[in-house]
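Read the structure below first, then the notes.
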Amino acid sequence: MASPKRIPIFDGHNDVLLRLNRRAGGDPVAAFLQGEDKGHLDLPKARQGGFAGGLFAIFVPSPRKGSSNREPSPQPISSEAAPPAVDMAEAQRIVFAMASLLFRIERESQGRLRVCRNVGDIESCLADDVLAAVLHIEGAEAIDANFELLDVLYEAGLRSLGPVWSRPNAFGHGVPFRCPSSPDTGPGLTDLGKALVSACNRLRILIDLSHLNERGFWDVAAISNAPLVATHSNAHAISPHSRNLTDRQLDAIGQSGGFVGVNFASSFLRPDGRQDKDTPLDLMIQHMEHMLEHAGEDGVGLGSDFDGATIPAEIGDAGGLQNLVQAMRKHGFKKSLIEKLCFRNWLRVLGRTWDGASRAPA
């Protein structure tokens, strides 16, 4: 019997630009295009696993207290203290460096990677077997109060923005890394953060809710006219981590015509919140099934957190993504649902967001 045709995967979040930007020595562009042993994602691994594209995050690490060095990962072990704030000038420097890195990869890829600015671009990449990259910023510390840089970044290709990472900034309060914990951990958006939501609506930039605390989530829901999207979050009912979404939040995402991407991070999958590679894919399927019950068949997909998390060994890296597809088949997911989870739901919500198909604020 012939094996099933490989299903392409569009993914909601990776931190490969951070890993490459922090690389000590060598050419980071060549490392991505030619592949290397380290890391979860590069072009050869993407081709091996059917990783067809995704949101490529720019993340500005928090400064270490008393040091100019940066944290090595965007996902620290659970702690009570919020990471220190980031200086705007430093944040802008890093944003420019990492955006430049993505554009250099595109130029030197000989047509194998394309930065996409609309759904038509992504669909062309899928048809042509070209890796589709969407520029995303995780944490808006680089954005000025007049949103002048936001306009510039939009013209450069920015199509998705998380107002906060898991630390406070001028726009709001990120949810800290705690387990067990409610996501209701403090104040929500500031007045400037609410203005940023409106500016993103004007430009039709996707607003990522994944690192906002619960009050910030509801602030966005009340203001935004776009579908609610959490690019890489899981179900709080299964893993009681502060970074995960309650059933009420998942219901709101579904009612808005929005989307949530299942995060591969073991600490957001496991009930005990541990970072452990020996986390079964069955647990990821449980999160998918729970999220489907609340957000609906059109509202769930994938948000791996490649290069920013400890992920299950059964996937390992982007090259092992078809193991997840096989797990979906094993659990009786129909082909039409698997395709929605793997890429069609992402294309739907990006189209609604970027084309301005508005909804009434909650």
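FYI, it's all coordinate maths here, none of it is from the lab. It should be emphasised that the depicted structure is a prediction, and the values quoted were computed from it without experimental measurement. Note that each Cβ is placed from the backbone with ideal geometry, even for glycine, and that neighbours are counted across all protein chains shown.
A few points about this structure:
- Potential lengthening between Ala145 and Arg104 on full extension [0.36 nm per residue; Cα-Cα distance subtracted]: 11.9 nm
- 3J(HN,Hα) couplings calculated from phi for the range 333-340 with the Karplus curve 6.51 cos²θ - 1.76 cosθ + 1.60 (θ = phi - 60°) are, in sequence order, 5, 6, 4, 4, 5, 4, 5, 4 Hz; Gly and Pro show x.
- For the chain, the mean residue ellipticity at 222 nm estimated from helices alone is -11000 deg cm²/dmol, where every DSSP H run of n ≥ 4 contributes -39500 (n - 2.57) and the total is divided by all residues, rounded to the nearest 500.
- If both residues of a DSSP beta bridge must be in the chain, then about 10% of such bridges are antiparallel.
- Here r is the Cβ-Cβ distance between Asp247 and Ala313 and R0 is 35 Å; the resulting FRET efficiency, rounded to 0.05, is 0.75.
- Taking a sphere under 11 Å around the Cβ of Ser210 and counting the other residues whose Cβ falls inside, with K and R at +1 and D and E at -1, yields a net charge of -2.
- Within the same chain, lysines fewer than 8 places from Lys335 are excluded, and of the rest, those with a Cα less than 23 Å from its Cα are Lys5.
- For Ala235, the residues whose amide H sits under 5 Å from its own are Leu245, ignoring neighbours fewer than 5 places away on the same chain, with H placed 1.01 Å from N.
- For Leu302, nonlocal amide neighbours, meaning residues 5 or more places apart or on other chains whose placed amide H falls under 5 Å from its own, are Gly12, Val262.
- Reachable lysines, given that their alpha-carbon falls under 25 Å from the alpha-carbon of Lys277 and they are not under 8 places away in the same chain: Lys38, Lys45, Lys330
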